[in-house]
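As structure tokens, the structure follows; a few thoughts come after it.
The values are calculated or read from the model by the stated rules, or taken from the named source; none is laboratory data. This structure is a prediction, so every number in the text was calculated from the model and none was measured. Areas reflect the complete protein model, heavy atoms only, side chains present, ligands, DNA and RNA absent. Shrake-Rupley method; radii C 1.70, N 1.55, O 1.52, S 1.80 Å.
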Amino acid sequence: MGTPSACQARPLCTPGPLLRTCLAMSASAPPPPIPPGQRVYAVGDVHGCRERLAEMHAEIARHDQASAPAQVTVVHLGDLV
């Protein structure tokens, strides 16, 4: 077997599903809720691994298809080059 690519050699950040639901709280007040009929996915830095980014987009698509209809926003939080 050949040498793994940098993406294959580096483990995923989370041992569970690629998609996680996170709730961020500020010191003064919780963030405003996402309005009904909208869904937001946040994708962290994938460190240049195109395969990992493609996996995340596929997981988002699967989750969106399995969920109630909504206006979807995908936010990329990593470096963009």
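Going residue by residue through the range 12-34, is there one that turns out to be open to solvent by less than 70 Å² (accessible area, probe 1.4 Å) and modelled with pLDDT of 90 or more? No; the residues of the range 12-34 include none that is open to solvent by less than 70 Å² (accessible area, probe 1.4 Å) and modelled with pLDDT of 90 or more. When you go through V46, V40, V74 one by one, which is the residue that is at pLDDT 50 or above and assigned to a loop (DSSP other than H, G, I, E, B)? Only one candidate qualifies: V46.
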